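Reviewing the structure listed below.
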Amino acid sequence: MSSDEEVERTPIAQRPEWADVTPLPQDDGPNPVVPIAYTEEFAEIMGYFRAVYLADERSHRSLELTKEAILFNPGNYTVWQFRRLIIEALNTDLHEELELVDHLASVNSKNYQLWHHRRWVAEKMGTEAAGNELEFTKNVFLKDAKHYHAWSHRQWILQNFGGWEAELAYCNELLEDDIFNNSAWNQRYFVITRHPGLGGIEANRDSEVNYTMKAILTRPDNESPWRYLRGLYKNDMQSLVTNPQISTLCLNVLISKVNPVFALSLLLDLISHGFEPNQDLKHAIEALVPGSNVQESDILLTVCSVLEIIDPMRANYWRWRKSSLHSQVAEGVRSLHIH
């Protein structure tokens, strides 16, 4: 609660409308080990809340009391739940309820109970809430573009009440502002795969691949578009392997030598699934670590070795990949001898 609200607050015991209610103090048992040092105001509010809660009093004064309790502690699930029961019983104005949530979000937007309550209000309002909720999340993103609760709420609104028409353009806008915004990349994938009017990944793959390739060439060190590119071929690895644009993209990034880790990692997976790199690609891989010698028979092992050197953060992983390949080669040799 703000300092202004604290100054203006009249103790509940001094309010005539509460004269008939006896507050119930918290029962911590006869010998509490570590009693919590509640403020006098908070202890009073919760004492009166327990009284109306146990009496199941769904009245206007109870509604106002839950508001006070929430302002003191917005994470109290029981208070929020009782407030919802009162709102339903009194059929109160849901627009006013959203104003309260807006106020709380301006203070602490990462309170889970707040988002749960907002979704409940939006569900009660139905399609009427779509535009307002999409705009609300936009305002949250102005302060925190990767706000998990806001993105989750936005996706829920889109799926349940619509508003898809401008969502892809909104993703474009966010990525123009910050190409590293992984939340915007995730939302773009959400739109491509869930938008009821776009036809899914296959219908949009070509245009999305072109969009993603431009983003990668702009900043090859940005992992998000590389992940997005893989997602465009989810459950269709063969199309990824046979698309010449992908290998050309990897080649261009390898030649530029601007953080080639993600390009080389993708290339490793392509080769593992049957892709045959040409001489230009082999030379580009060889050039990353002068002195290495790329032989066609051990191209996978060579790629792992190069990654082990240029990506020390994940060196153990690349060593593991290489050892796995060694095991596969050995198994293949044993199989030949057996037959």
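The values are calculated or read from the model by the stated rules, or taken from the named source; none is laboratory data. Remember, it's a predicted structure, so these values are computed and weren't measured experimentally. Cβ placement follows ideal geometry from the backbone for every residue including glycine, while neighbour counts extend to all protein chains displayed. In case anyone asks, the SASA skips ligands and DNA or RNA and just uses the protein heavy atoms, side chains included. Shrake-Rupley method; radii C 1.70, N 1.55, O 1.52, S 1.80 Å.
General observations
- GNM result for the chain, Cα springs below 10 Å: residue of F141, F42, F82 fluctuating most strongly: F42
- Sites N132 and A203, calculated FRET efficiency, Cβ-Cβ separation with R0 30 Å, nearest 0.05: 0.45
- Pairs over the 27 Å Cα-Cα cut-off, from the set K214/K322; K214/K282; K143/K234; K146/K282; K67/K146: K214/K322; K143/K234; K146/K282; K67/K146.
- Exposure rank, largest accessible area first [H153, H195, H116; 1.4 Å]: H116, H195, H153
- Given [x] 237; [y] 213; [z] 133, the label whose value is volume of the Cα convex hull per residue in Å³ derived from this model: [x]
- Applying a DSSP loop filter and a limit of 16 other Cβ atoms within 10 Å to the chymotrypsin sites (Phe, Trp or Tyr not before Pro) in the stretch 198-267 leaves nothing.
- With DNA, RNA and ligands ignored, accessible area of T127 (1.4 Å probe; Å², nearest 10): 100 Å²
- With the simple model of a label 7 Å out from the Cα in the direction of the Cβ, Y77 to T248 spans 5.5 nm.
- Taking all protein chains as shown and a probe of 1.4 angstrom, I87 keeps an accessible surface of around 10 Å².
- As a calculated quantity, the FRET efficiency between A315 and H273 at R0 = 25 Å, using C-beta atoms, amounts to about 0.60.
- For the chain, built as a Gaussian network whose Cα springs stay under 10 Å, the top-fluctuating residue of C250, C304, C171: C304
- Percent accessible area from carbon and sulfur atoms, the stretch 151-216, protein chains only, probe 1.4 Å: 45 percent
- Normalised by the number of residues in the chain, the mean separation of alpha-carbon contacts (under 8 Å, six or more apart) gives a relative contact order of 7 percent.
- Between the stretch 51-102 and the stretch 195-249, the Cα center-to-center distance that results, in Å: 48 Å
- Selected from Y228, G47, A13, residue furthest toward positive end of dipole (the chain; charges at beta carbon): Y228
- Ordered by 1.4 Å accessible area with all protein chains kept, E44, E223 run largest first as E223, E44.
- Over the stretch 235-304, relative contact order from alpha-carbon pairs under 8 Å, at least 6 apart, %: 31 percent
- Total charge dipole magnitude, the chain, about the Cα centre, Cβ charges on Lys, Arg, Asp, Glu only, Debye to nearest 20: 1460 debye
- R0 of 25 Å, Cβ-Cβ distance H60-K146: FRET efficiency to nearest 0.05: 0.05
- Over the chain, dividing the summed -39,500 (n - 2.57) contributions of all DSSP H runs of at least 4 residues by the number of residues returns a 222 nm mean residue ellipticity of -22000 deg cm²/dmol.
- The mean accessible area for residues of the chain, using a 1.4 Å probe and ignoring ligands and nucleic acids, is 55 Å² per residue.
- Distance-filtered residues of the stretch 175-218 - backbone nitrogen under 20 Å, label point 7 angstrom along A166 Cα→Cβ: 175-178, 184-185, 187-192, 195-198
- Each Lys and Arg Cβ is given +1 and each Asp and Glu Cβ -1; about its Cα centre, the stretch 40-146 then shows a dipole of about 420 debye.
- Solvent accessible area, Å² - S305, 1.4 Å probe, full protein context: 40 Å²
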